[in-house]
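The values are calculated or read from the model by the stated rules, or taken from the named source; none is laboratory data. Because the structure is predicted, anything quoted here is derived from the model rather than measured. Note that each Cβ is placed from the backbone with ideal geometry, even for glycine, and that neighbours are counted across all protein chains shown. Quick note on the areas: whole protein, heavy atoms, side chains included, nothing else; ligands and nucleic acids left out. Shrake-Rupley method; radii C 1.70, N 1.55, O 1.52, S 1.80 Å.
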Amino acid sequence: MEYETNNWIWDGMYNHPHVFGGLMLTAALLGLSTSYFGGITVPQLPYLWPDSGIFHKKKCEKKRIRVYMDGCFDLMHYGHANALRQAKALGDELVVGVVSDEEIIANKGPPVLSMEERLVLVSGLKWVDEVIPKAPYEITEQFMSRLFNEHKIDYIIHGDDPCLLPDGTDAYALAKKAGRYKQIKRTEGVSSTDIVGRILSSLRDTNGGEDQNKTSMFKTPESQPKSAHLSQFLPTSRRIVQFSNGKGPGPNARVVYIDGAFDLFHAGHVEILKNARQLGDFLLVGIHNDETVSEHRGHHPIMHLHERSLSVLGCRYVDEVIIGAPWEVTMDMVTTFNISLVVHGTVSEYNSLFTGESDPYSVPKSMGIFKLLESPKNITTTSVSQRIIANHDAYMKRNAKKAESEKKYYAQKTYVSGD
């Protein structure tokens, strides 16, 4: 109470100096008169001021700023996650619009992932508070009115790269005109177009798009050109910190461990991580390095280790990751990280997991802390890649069109502050 009383005093001094001076003068005169006449008492001023209302500061709850960002979020990657992280930093609550399949086809070409899969991915991000399905590609007058009035949106957010409609006009022109538009910095080094390009370039030969066999759809590490695996992403410690929760498990926390490649992060990954997290208090995810993935799958991952690590870290169900986790779960790992339970999904790309090779989970099994989790979705990195390969011509055409706009963006690119 004393703290609040002092606040009344200092607010009064700052906002009403003349009134404050008058009161002080009156108090001084009253003090002299009471000492002279002796029998009149005056209440202490600190108890009088709050009740007087003179210095009463109106206490009101700060309005929470709601921001909106939309996108196709097809082949969702850490660039999408970083964009939404930046958008969330511009407000208190982030509402995300996921563009409908029909709108994507009309403006960009066929999407790889279904609406349901894209909703799972977006909802699974730690920075997202609400999701609006089947959002329009263009911010129209009608939709903008709905955002402002129904969803109480304060600002509409987009990256510094242009988003143009088929007629060449800006999809966010109305939001900018309304003064309710804010811009974030684009995450360099990755895009859905880039990922589609990586998948297409990893085919055995340019005419082999019809081959959808799991074991032969990618080139072997020996025959595959290094350029097919090059990424423009430059990982920094700052970016990892931005994605990290920055918290370790409590002293009595039940730590659950799950590992894998988590390549081409998809809805199946999100669902299995969600289920694993429900089995404990802290979810630790081991991410195998590129060499380990290549050794056990017969081909390099589409996304490299740091890209995959950021995608997993962005998931709301993940508390911590081990970047470059060992293939085998050892006793030392269990002790070091205080692991209570090791889980693995029933759907796996590592087909040779239990045939011929040593079992990587033999230690947790012997300890009675291993559990096989039923995978909620029958989706794999290979099955997602096969969708692109099956529609090779359509995606080649889509990428060629997008490559032109990408080239123009980089030619006109200027520095944009932000992180």
Query raised in the report: Can you find even one residue in segment 295-305 that is within 22 Å of Gly79 (Cβ to Cβ) and in contact with a strand residue (DSSP E or B) (Cβ under 9 Å, 6 or more places away or on another chain)?
Result: yes
Requested in this report: For Met333, indicate whether it is at pLDDT 95 or above and on the phi < 0 side of the Ramachandran plot.
Outcome: yes
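Select from segment 124-159 the residues that are among the small types (Gly, Ala, Ser) and surrounded by 14 or more Cβ atoms within 10 Å (Cβ to Cβ) and write down the one among them that is nearest to Arg277 (Cα to Cα).
Ranking the qualifying residues of segment 124-159, first place goes to Gly124.
Would you call Tyr350 in contact (Cβ under 8 Å) with a residue 24 or more places away in the chain, assigned to a loop (DSSP other than H, G, I, E, B) and open to solvent by 40 Å² or more (accessible area, probe 1.4 Å)?
Against the criterion (in contact (Cβ under 8 Å) with a residue 24 or more places away in the chain, assigned to a loop (DSSP other than H, G, I, E, B) and open to solvent by 40 Å² or more (accessible area, probe 1.4 Å)), Tyr350 does not qualify.
Keeping to segment 218-267, report how many residues are modelled with pLDDT under 65 and touching a helix residue (DSSP H, G or I) at 6+ places or on another chain (Cβ under 6 Å).
Qualifying residue count for the region: 2.
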Report summary line: Across (1) modelled with pLDDT of 95 or more; (2) under 25 Å from Tyr395 (Cα atoms), His299 clears everything bar (1)
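Within segment 367-374, identify whether any single residue is touching a Gly at 6+ places or on another chain (Cβ under 6 Å), touching a residue at least 12 places away in the same chain (Cβ under 8 Å) and open to solvent by less than 40 Å² (accessible area, probe 1.4 Å), and answer yes or no.
The answer is yes; a qualifying residue exists.
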Query raised in the report: Can we say Ser191 is free of Cβ contacts under 8 Å to residues at least 40 places away in the same chain and of a type in the set (Ser, Thr, Tyr)?
Result: no
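Table: residues versus (1) of a type in the set (S, T, N, Q); (2) out of contact with any Phe, Trp or Tyr (no Cβ under 6 Å at 6 or more places or on another chain); (3) open to solvent by 50 Å² or more (accessible area, probe 1.4 Å).
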residue	(1), (2), (3)
His306	no, yes, yes
Trp327	no, yes, no
Leu341	no, yes, no
Thr346	yes, yes, yes
**Report entry** Qualifying positions in segment 67-121 - of a type in the set (Asp, Glu) and touching a helix residue (DSSP H, G or I) at 6+ places or on another chain (Cβ under 9 Å)
**Finding:** Asp74, Asp101, Glu116, Glu117
